Each structure stands twice: as C-alpha cells, then as structure tokens.
Amino acid sequence: MIRSVLAGALGAILTFSSLPAFAETFKLAVTDVEGLERLQTEWGPFKEALEKATGDTFEFYPVNSRTAAAEALRAKRVDLVVTGPAEYVVINKIAHAKPLVGLSRPDYFCSIVVMAKSDVITPKDLKGKKIAMDDIGSTSGHLCPSQLLADYGLDPTKDVEITHVSRAVGHEALKRGDVAAFGVNYMSWVNGIRGKDKSVPQGAFRVIARSGDLPNDLVLYGAHIDDKKAEDLRKAMLDHKADIADAIVSVGGENAKYRGMDLVAVNDAAYEPVRSMFKAIGQPQYADFAGQ
C-alpha cells in the first residue's frame with residue numbers, strides 16, 4: 001500500500017516537473033494582418049503550435065498598421081510581433097524590440113527585370129528611365145531593388161523615376177513598355193504572375209541584377225520582456241521548429257511564401273543590410289516606415 005502511494009506521488013511529481021515552472025501569457029501581433037478574424041484564420045495554427053512548444057499562453061493582439069505594432073510594443077500592450085526585415089529595423093529603432101527567431105524563407109531575394117529584347121544591359125542603363133516597384137516600404141519589392149540601383153552607382157531618389165504598383169500591374173507595365181524595368185521579389189513573381197502568364201514565353205524576360213538572400217522575417221520581442229524568458233522561448237521554438245513551420249504553412253494563402261522555411265537563431269547585426277537600404281532611399285535614420 002505504501003509503495004503504491006509513493007509510486008503515485010512520484011508520478012504526480014514527474015508530470016508536474018515536465019510542465020513549465022512559470023507559464024506566462026503573451027500578447028502576439030502580426031504586422032500586415034488586420035483584424036482578429038484574419039489573425040485566427042491565418043496564424044491560429046502557429047499560435048497553437050507555439051503554445052504546445054512552450055507551455056505558455058498566447059493571445060492575439062490585432063494591429064492595423066506597422067506603426068500601431070511599434071507603438072503597442074513601446075506601450076507594453078503587445079509582447080511578440082511577427083514581421084518583416086524592414087519593419088523590424090524601424091520597430092527596433094522606435095521601441096528597442098529584439099529578434100527572437102528568424103523565419104528563414106528559401107530563395108528570398110529581389111531582382112531587377114527587363115524585357116529580353118530591351119537594350120538595357122545593366123542597372124546603369126536605367127538612368128533617367130521609369131521603373132516599377134512594389135509597395136512603398138516593401139523589403140523585397142522596394143528597398144532591395146533600390147539598393148541594387150545604388151550598388152550600380154545610381155541614386156534611386158534622383159536618377160530614375162520609380163512608380164509603386166502591385167506586382168500584377170508592374171508585370172503588365174513592363175510587357176507594354178510603360179516602364180523600362182521592374183524591381184520585384186523574384187520568386188514571388190516567378191511563382192505568381194509570371195508563371196501564370198501565357199501571353200508571352202517566360203524567356204521574354206531577362207534579369208539584369210539580383211540581390212543576395214535577404215535577412216529573415218522574424219518574431220521579435222518587446223524590450224520589456226526579460227531576456228532569460230526570451231531565451232527560454234527561443235529554445236522551445238527551435239526545439240520544435242518543424243512543428244511550428246508546418247503550422248505556419250498549413251493555412252496556405254499569403255503564408256505559402258514560407259513553404260520550405262526553417263526557424264533559425266538571428267541577431268540584430270543580420271539586419272544591417274536593411275539599414276543600408278533605408279539610406280539608399282534617403283531615410284538614413286530609419287526611424288519611420290517608408291511611405292508614412
């Protein structure tokens with residue numbers, strides 16, 4: 001009888017010890033995803049995987065802009081934010097947030113594309129010409145192509161005329177000759193509008209410059225979060241990275257861009273190239289979101 005009681009007590013102790021000693025509740029935001037319903041639909045599986053991996057509780061905190069996410073972090077109303085490289089650089093400056101883990105996307109780079117029949121050979125030949133780019137502030141569709149121009153000696157704020165349009169509109173404008181080139185997230189373009197366009201051969205386009213792989217999207221944490229707790233979260237996420245990655249891509253849609261992703265440890269120094277991109281577009285302080 002005594003042995004049975006001791007065995008039961010030991011089992012209870014082992015079960016208890018397998019749980020987090022200090023489970024906490026964290027507020028979680030995702031930039032560029034507005035509304036609680038979208039958050040639950042597009043990032044609900046991620047939240048569930050995060051809770052299973054860490055033993056903590058996560059509650060969605062909807063934000064309607066990148067600025068709102070930064071202000072919520074600064075006011076300690078939100079603890080973790082899923083965001084992109086350009087957003088991180090500004091949020092780090094405004095709210096002193098830090099990288100938790102990187103969401104490493106395969107083949108995440110930008111290119112400058114022209115028509116194959118174009119007489120534009122290098123980006124230098126684009127001086128004085130019109131170029132289409134993605135949304136203002138997009139890491140891969142605006143900042144990165146602007147840096148490519150700067151790398152070839154052009155000032156993207158003076159030497160070319162940039163028009164910001166959707167990827168589909170930019171693609172059609174390039175085909176019509178309304179623009180001389182298109183700065184774009186290459187794989188998103190290839191797997192999207194270019195891959196679906198049967199009106200011209202895929203060989204009708206030519207890449208004249210491409211970047212290296214861009215810094216990762218990431219989950220960041222607010223300056224008010226204890227670094228030791230952040231390290232515990234980081235370790236749990238990396239230990240269960242396959243399950244978390246599967247949860248992110250399982251919903252498809254916009255999250256399809258993460259297919260083949262890995263979760264990796266990152267630090268602030270990895271985002272210095274993005275700070276250089278802000279300088280290229282004339283925002284050396286990177287204290288404001290481009291276009292705002």
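Couple of notes before you dig in:
- Kirkwood hydrodynamic radius computed over region 154-279 comes to 18.1 Å, based on all pairs of distinct alpha carbons.
- Net length gained if the chain between N64 and T163 were fully extended (0.36 nm per residue, minus Cα distance): 33.2 nm
- The chain - Rg and Dmax from Cα coordinates, angstrom: 22.4, 91
- Rg/Rg_globular for region 157-220, with Rg_globular taken as 2.2 N^0.38 Å and Rg from C-alpha atoms: 1.26
- Compactness index (Cα Rg / 2.2 N^0.38 Å), region 110-210: 0.95
- Once both labels are positioned 7 Å from their Cα atoms along Cα-to-Cβ, the gap between D243 and V264 label points is 2.4 nm.
- For V78, distant residues with modelled amide H under 5 Å away: L73
- Computed FRET value (nearest 0.05) for S250 with A116, which takes r as the C-beta separation and R₀ as 45 Å: 0.75
- With θ taken as phi - 60° and the Karplus curve 6.51 cos²θ - 1.76 cosθ + 1.60 applied, the whole-hertz 3J(HN,Hα) list for region 272-278 is 4, x, 6, 4, 5, 5, 4 Hz, x standing for glycine and proline.
- Theoretical FRET efficiency, 1/(1+(r/R0)^6), r = Cβ-Cβ of A75 and K129, R0 35 Å, to 0.05: 0.20
- Per DSSP, loop trypsin sites (Lys or Arg not before Pro) in region 148-252 with at most 14 further Cβ within 10 Å: K158, K198
- Contour minus Cα-Cα distance for H224 and Q40 (0.36 nm per residue): 63.7 nm
- Separation of region 113-133 and region 247-292, taken as the distance between their Cα centroids, equals 26 angstrom.
- Residue-by-residue Karplus 3J(HN,Hα) for region 204-213, coefficients 6.51, -1.76, 1.60, Hz, glycine and proline x: 6, 10, 9, 8, 9, 6, 9, 8, x, 4
Each reported figure results from applying straightforward, stated rules to the coordinates on display, with no laboratory input. Nothing here was measured: the structure is a model prediction, and the numbers come from that model. Here Cβ is always computed from backbone atoms with ideal geometry, including for glycine, and neighbour counts include all displayed protein chains.
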